[in-house]
Structures are given as C-alpha cells and as structure tokens.
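Peer 1: After the structure tokens below, expect a handful of questions from me.
The values are calculated or read from the model by the stated rules, or taken from the named source; none is laboratory data. Keep in mind the model is a prediction, meaning the values are calculated, not measured. Note that each Cβ is placed from the backbone with ideal geometry, even for glycine, and that neighbours are counted across all protein chains shown. What goes into the accessible areas is simple: the full protein's heavy atoms, side chains included, and nothing from ligands, DNA or RNA. Shrake-Rupley method; radii C 1.70, N 1.55, O 1.52, S 1.80 Å.
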Amino acid sequence: MTDLTGRIVEFLSAGRLKTALVRGESRKGLAAVDVNGRELTLNPKHVIVRHESVSDPARFGEEVQRLEQRVEGARSEIDLELLWESLDPHDRPVSLDELVREYFGEEDSAYSSALFRSIMEEPILFKLKGKTIHPLNRDQAAERRTALERRRQKKAIRDRVTSWMRETLDNPEEAAGTPEGLETVAADLEAFLVKRRTSDASQWLAQLDRERNPREMAFEILQSIGYIPADADPLLLVAGINPRFSAPALAQSENLEPFPGEESRTDFSALDAFSVDDEGTEEIDDAITLEKVEGGLRVGVHIADVACFLNVTDPLYREALDRCSSIYLPSGTVLMFPERLSTDLFSLRLGELRPTLSCLVDFDDFGKQGRWRFVPGQIRVRHRLSYAQVDESLGSAGDESWESATGRLDGLTRVLRTKREENGALNIEQPELKILADGDRVRVEVIQTSSPARRIISELMILANSLAAQYAFLKQVPIIYRAQQKPRERVAVPQEYDPVKLSKVFRHLNRSKLSTVLQPHSGLGLGGYTQLTSPIRRVVDLVIQHQLSAHLGRRALPFDQQELMEILSAAEAVQNDIKTVERKANRLYLLRFLQSEHLGRKMDAVVVLGIRSGYVVETTDLYVRGVLKGPSDLRPGDRVTVEIDAIDPDKDRLVFRLAEVEQ
C-alpha cells in the first residue's frame with residue numbers, strides 16, 4: 001500500500017466525504033488530523049481520494065482551501081448524463097480512476113474528488129458501493145429519477161410547512177389560516193391531536209422543537225388559525241381527548257327510546273329504593289334497597305343496566321371504548337356517553353323506571369352473609385340522597401324509611417369492613433378536594449372520605465364487585481378482574497390522616513392491575529375483585545356488565561378472552577392518560593385558587609420529606625404540596641407556618657417560605 005504520510009486524503013464517514021491530513025500509519029490504521037485539529041484514526045479502505053503531500057503541516061488549512069477551489073472548478077465542468085451515456089451498456093462496475101480518465105482524459109485528485117462528490121449528490125445514474133461505482137441501466141435510472149424528484153418535492157413541502165408552523169408559533173396573533181396548498185396540514189394536526197394519528201405533518205412538528213410537547217404545539221397552531229374553538233380546553237386536547245361526540249354516536253343517542261319496562265325482569269319498583277351521591281351528581285349508576293326476609297335482611301345493590309340499551313357493535317359502544325371513562329375536571333365533565341344518556345336514559349333518576357343488573361345479598365340478624373345472586377331487574381328510585389344527608393341522619397331517630405335502612409346498613413357494612421381488615425385489607429382514607437371552576441372563579445371543597453355515609457356506599461359497592469368476580473369465576477364467564485399483590489413489607493395504615501406515614505405506606509404498596517385471570521386483591525382483603533358498579537362512567541364496568549348480563553340471559557357472550565385482553569390493554573393506556581389530565585387540571589386550578597385567595601396569608605403545614613432543594617411540605621387546610629426552601633434542620637413530621645414565596649400555576653410551581661410567627 002502506498003505510504004500516505006503527509007498527504008491530504010478524503011475519506012467516507014457516515015455517508016459524507018471528509019478531509020484529513022495523514023500523519024503516519026500503524027497497525028490500527030492511519031493516524032490523521034482534520035481541519036479543526038481533531039485527531040483521527042482512519043481505515044485505509046475508507047480513503048476515496050489521495051491528494052498531494054503538504055510540505056508544511058501548519059499550512060494544512062490553506063492547502064485544503066486551495067483544493068476546494070480546484071474541486072469546485074472541476075465540478076462546474078461535469079455533465080454526469082454525458083458521462084453515463086458514454087458508458088453504455090451499463091452492465092459492469094467501474095473504478096473512480098477509470099471514470100476520471102473517461103471524462104477528463106487525465107488523472108487528477110481534484111477531478112476524482114469532484115466526480116465522486118457529484119455522483120454522491122446526484123444518485124440517479126450511478127450507485128456507489130464503497131469505492132466502486134455501478135452505472136445503472138435505463139429503467140433503474142428512470143426509477144431513481146422519479147424517487148429523487150418525489151423526495152425533492154416532499155422536502156420542498158416540508159420546508160414550507162415547517163416554516164409556516166414556526167412562524168405561527170412565534171407570531172400567533174398574526175396567523176391567518178392555512179396557506180394555499182397546505183389545506184390538509186391542519187386536518188392532519190387535528191387528527192394527531194384528537195385521534196393520536198401520526199402523519200408527515202406531526203412528525204415534522206415534533207422535530208421543529210424537541211424541547212416542547214408536539215401535541216401542545218399542534219394545539220397552539222390550530223387555535224391560532226381558528227381551526228379549533230378559542231375556548232377549547234388544552235388539557236383535554238393535548239391529552240388526545242375529544243369532548244365532541246361523532247355524528248353516528250349522536251344520531252344513535254337521539255334515537256334511543258326510554259326503558260318501557262319488561263315483564264321478564266325482577267320488579268323492584270315497589271321497594272323503597274334510594275341513591276346516595278355527591279350533590280350535583282347526574283350520572284346515577286347505583287341504588288340501594290333493604291327488605292326484611294325470613295331469617296334476616298336482604299340488601300339489594302342495583303346497578304344501572306346500560307347493556308340493555310346497547311349492542312357492542314353500536315357507534316355509541318365503540319366510542320365509549322375509545323373514551324374509556326367520563327373525565328371530571330374543575331372546568332366541567334367530559335361524559336363517556338352523550339348527556340341525554342348519561343344523565344337521563346341510563347341514569348337511575350328519581351321516580352323513573354329504569355333497568356338494572358341487581359345483586360341481592362341475604363344477611364342473618366347477626367350480620368352474617370348468606371345466599372346471594374344476580375338478576376336482571378327494574379327499579380324506581382324513591383329517594384335521591386346526598387352523603388351529607390345520610391351522615392346527618394345516622395344516629396338520629398328519623399321517621400323516613402331510608403333513615404331506618406341506612407342505620408341498619410351502617411351496622412352491616414361495619415361487619416363487612418372488619419372482615420376485610422381481618423383478611424389484610426388496607427383501608428386508606430385521606431381527604432379529597434372537590435375543585436370547581438366557573439370562569440376565573442375557583443371554589444375548593446374538602447371532602448372527608450372517611451364519613452359514615454361514604455363508607456356505607458363504598459362497602460356495598462365492594463361487596464357487589466367482589467360477588468361479581470365470584471360469579472364470573474364460578475360460571476366460567478370471561479371478564480376483566482382487578483388484582484393487587486401483597487405489599488413488599490408489612491405496613492400499618494394510620495388511624496387518622498398523616499401524610500408522612502401514608503407516604504411510607506404507599507412506597508411499599510404494589511400497584512393494582514387489570515387481569516383476565518382471577519387473583520387476590522390484597523389492598524381490599526379479597527380473594528377476587530372486579531368492577532361493574534359504574535357502567536355509565538367506566539367502560540370496563542360496562543364490558544363486564546355486558547358479559548354477566550349475556551350469561552344471565554343465556555345469550556352468546558359478546559367478548560371472548562382475546563377481545564377482553566385488547567380492551568384491557570387499551571383501557572389501561574387511556575385510563576392512565578385520563579388520570580394524568582385530571583391530576584394536572586386539579587393542580588392547575590388549585591394553584592390558581594391559592595394565587596387569588598392565599599397570597600400573603602400564613603398557612604400551617606407539615607414537612608413530608610426532604611429533597612435536594614429543601615423540603616416538600618403539605619398545608620393542613622387544603623392538603624396542597626409545595627417546596628419549602630430555607631431551613632436545614634427540619635425533619636418529616638415537623639409542623640411549620642409558611643406563606644407563598646413564588647407561584648406559577650401554568651408551570652406547576654409552588655414555593656413556600658417560612659412565615660414570621662408573632663410571639
């Protein structure tokens with residue numbers, strides 16, 4: 001091999017031709033330096049062009065500039081098509097030196113560089129394979145020419161689209177719709193935003209600014225050009241949640257008739273049925289009955305039978321599968337079904353005859369559970385109650401039939417709860433915030449989930465769900481179960497709310513998971529569990545209801561195991577997105593509430609944990625967490641008085657400082 005020491009060479013690297021000065025050779029390759037002074041080790045096989053030696057290495061840069069001028073001059077003389085025609089027939093590979101002699105009539109390193117660069121940049125007539133050049137035949141050349149032209153056109157469109165996107169993002173006030181010829185781009189961005197459908201436009205947008213969420217940028221562009229309403233909720237659309245229903249779903253919704261009553265169903269309409277929910281709740285999924293029977297009491301948990309209105313192939317059903325659940329935000333609710341259905345035809349409204357999937361459970365006078373069964377039923381709710389009403393009535397000698405019923409249910413559900421705790425249940429109760437936003441006005445209400453009324457209804461729903469799991473397992477009906485493995489270590493749940501102790505508990509808990517196989521749910525202290533008690537607002541509950549209803553009615557099951565697995569996978573992904581949206585929205589409006597109502601106010605807080613920048617603290621009134629900077633001698637559990645130091649709701653930033661406490 002020719003000694004290349006001291007010579008300028010051009011070599012292939014990552015599909016590009018680069019220049020270097022060879023300083024010497026070794027077993028590892030050629031020791032070289034590039035024009036920026038970076039040391040390289042080159043494989044001799046990658047060297048394409050060998051130029052003359054450089055007498056003074058310090059003049060390497062100047063020599064490269066001189067060579068570049070010669071190469072560019074030679075390139076201006078090259079007509080690749082003329083060269084290609086002279087090689088006909090095109091049936092053999094040729095060397096670069098051979099092509100240089102064919103075209104220029106003499107060998108020159110500048111000519112070699114010019115020709116190789118031209119072929120690399122115009123890969124229509126020749127194909128490169130290392131140093132070897134393959135002239136293409138006429139059909140191959142025609143195909144390459146067409147493909148290259150398409151790429152050029154696509155690049156031109158891409159450059160125009162990305163330029164428009166960047167300009168719209170930088171100057172949203174001056175945006176004036178989609179430029180002529182790019183009308184489909186806005187539709188592609190909307191499909192990306194609300195249907196998660198990728199396209200060239202969405203991919204170009206993602207590459208435009210890798211520091212930003214491409215869905216947020218798509219929302220800003222579409223809103224700037226008026227393609228989506230000015231009041232559209234960015235939290236929803238950025239998460240891929242479209243509050244609007246499709247035309248087929250709305251059409252089916254309008255055509256559904258109210259439940260007329262069915263003789264084949266068990267009729268519970270004569271019983272004193274009642275529902276218990278938060279004030280303002282319109283999606284009434286469940287109602288309760290209590291009646292005396294021989295040997296004790298019979299509890300009825302009656303679930304709205306949405307399945308009796310819909311087939312699994314209906315547009316409404318398919319859309320529910322896409323939506324996964326209703327979404328509850330401070331600014332409003334995004335329903336899983338159109339409002340006419342969610343809050344009327346499907347809902348167990350006061351005084352209206354409604355179909356149910358009913359779970360009937362017998363208890364003896366000592367609270368021991370006996371016979372149970374599921375039946376298709378129909379019911380008429382006589383009392384619509386709030387949790388506050390029930391809490392207020394418990395312990396009082398009220399005259400209403402529901403007051404007597406809730407009093408007895410209080411005792412029964414305490415027995416059920418105790419039994420679950422004996423089986424290892426971790427009944428974690430912590431305050432929740434109900435945040436409502438009306439324009440700029442935000443209202444925050446603290447809900448104590450440990451209230452007796454909430455415990456009663458929660459235990460009855462857990463009972464119905466656990467029995468549904470038993471039924472499906474015993475009858476071999478494929479459904480979706482919910483399971484949770486035992487904690488990695490033994491945990492003790494505090495009797496009263498304590499954020500520090502609960503943080504330690506949560507660190508040891510395993511996440512619950514969906515499964516098509518019956519498994520224990522350690523957190524609930526049950527051998528098996530599913531969820532079917534909220535079919536108006538959760539699609540997995542509706543799927544399970546459809547399975548059980550079909551089995552009870554001796555009809556073919558609508559879903560097989562594989563279909564359930566597909567629903568399960570899709571539901572988990574969408575549900576995680578929904579939880580993220582709800583969490584972000586609640587946090588946003590809670591911080592806005594603090595910004596408007598609590599600036600300058602002193603607040604009591606508890607230190608939850610130490611972090612690098614200070615501490616995470618939680619206020620004791622609104623249970624909101626933020627960062628406390630300053631002191632270095634605090635420990636988890638310490639009580640402090642704080643005030644807001646910095647707050648930015650849009651960036652989820654809340655920083656506290658220690659407040660001066662008057663002595």
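Peer 1: On average over all directions, what projected area in square nanometres does the range 241-373 have, based on the convex hull of its Cα atoms?
Peer 2: Taking a quarter of the hull surface, the average projection is 10.1 nm².
Peer 1: What residues qualify as long-range amide H neighbours of Leu433, i.e. H under 5 Å apart, gap of 5 or more or another chain, H built at 1.01 Å from N?
Peer 2: Ile447
Peer 1: In vacuo Debye scattering of the range 388-457, one point per C-alpha: log10 I(q)/I(0) at q = 0.13, 0.21, 0.24, 0.26 Å⁻¹?
Peer 2: -0.53, -0.93, -1.04, -1.11
Peer 1: From the backbone phi of the range 338-343, what are the Karplus-calculated ³J(HN,Hα) couplings (6.51 cos²θ - 1.76 cosθ + 1.60, θ = phi - 60°) in whole Hz, Gly and Pro given as x?
Peer 2: My calculation for the range 338-343 gives x, 4, 4, 8, 4, 9 Hz in order.
Peer 1: For the range 84-206, just run the numbers: alpha carbon Rg, then divide by 2.2 N^0.38 Å, N being how many residues it has. Intermediate values should be presented prior to the final figure.
Peer 2: Details: Rg = 21.7 Å, N = 123, 2.2 N^0.38 = 13.7 Å.
In units of the globular-protein estimate, the range 84-206 measures up at 1.59.
Peer 1: Could you go through the range 430-439 in sequence order and give the Karplus-derived ³J(HN,Hα) for each residue, using 6.51 cos²θ - 1.76 cosθ + 1.60 with θ = phi - 60°, rounded to whole Hz, and x for Gly and Pro?
Peer 2: Result, ordered by residue: 9, x, 10, 10, 9, 10, 10, 10, 10, x Hz.
Peer 1: Pull up all non-local amide H partners of Asn510: gap of 5 or more, or a different chain, and H-to-H distance under 5 Å with H placed in the peptide plane.
Peer 2: Arg488
Peer 1: Additional query: Compare the peptides 60-71, 313-324 by average per-residue count of other Cβ atoms within 10 angstrom and give them in order, highest first.
Peer 2: 313-324, 60-71
Peer 1: How large is the helix-only mean residue ellipticity at 222 nm for the chain, computed as the sum of -39500 (n - 2.57) over DSSP H runs with n ≥ 4, divided by its residue count, in deg cm²/dmol to the nearest 500?
Peer 2: Result for the chain, helices only: -12000 deg cm²/dmol.
Peer 1: Under 23 Å from the Cα of Lys129, which lysines turn up, not counting those fewer than eight places away in the same chain?
Peer 2: Within the straight-line cut-off, Lys129 pairs with Lys18, Lys45.
Peer 1: Another one. Taking Lys434 as the anchor, which lysines have their alpha carbon closer than 27 Å to its alpha carbon, excluding any fewer than eight residues away along the same chain?
Peer 2: Partners within reach: Lys501, Lys504, Lys513, Lys579, Lys584, Lys602, Lys651.
Peer 1: Taking the Cα centre as origin and putting +1 on Lys and Arg beta-carbons and -1 on Asp and Glu beta-carbons, what dipole magnitude results for the chain, to the nearest 20 debye?
Peer 2: The calculated dipole for the chain is roughly 2320 debye.
Peer 1: Per residue, what accessible area does the range 166-261 have, given a 1.4 Å probe and all protein chains present, in Å²?
Peer 2: Ligands and nucleic acids excluded, the result is 56 Å² per residue.
Peer 1: Among (i) 33.2; (ii) 45.7; (iii) 37.6, which one is mean projected area of the Cα convex hull in nm² computed from these coordinates?
Peer 2: For mean projected area of the Cα convex hull in nm², the calculated option is (ii).
Peer 1: On alpha-carbon atoms, Rg over Rh for the range 1-159 using Kirkwood Rh?
Peer 2: Values: Rg = 17.2 Å, Rh = 17.1 Å.
A ratio of 1.01.
Peer 1: Towards the positive end of the charge dipole of the range 231-372, with charges on Cβ (+1 Lys, Arg; -1 Asp, Glu), say which of Ser331, Ser253, Leu321 has the farthest Cα.
Peer 2: Result: Leu321.
Peer 1: Restricting things to alpha carbons, find the Rg to Rh ratio for the range 411-569 using the Kirkwood radius for Rh. Don't jump to the answer; show the numbers that get you there.
Peer 2: Numbers: Rg = 17.9 Å, Rh = 17.6 Å.
Looking at the range 411-569, the ratio lands at 1.02.
Peer 1: Give the Rg (one decimal place) followed by the Dmax (whole number) of the range 457-514, computed from C-alpha coordinates and expressed in Å.
Peer 2: Computed over the Cα atoms of the range 457-514, radius of gyration and Dmax are 15.2, 44 Å.
Peer 1: Let me check I've understood the local charge: for Leu394, count other residues with C-beta under 10 angstrom from its C-beta, Lys and Arg +1, Asp and Glu -1. What total comes out? Mind dumping the intermediate values first?
Peer 2: Values: positive: none; negative: Asp391, Glu392, Glu403, Asp410.
So the environment of Leu394 carries a net charge of -4.
Peer 1: If I fit a long axis through the Cα atoms of helix 60-75 and take the longest principal axis of the Cα atoms of the chain, what angle between them do I get, 0 to 90°, rounded to 10?
Peer 2: With both axes taken from Cα atoms, the answer is about 80 degrees.
Peer 1: On to the next question. Show Leu564, Leu557 ordered by accessible area, largest first, where the area counts protein heavy atoms only and the probe is 1.4 Å.
Peer 2: Leu557, Leu564
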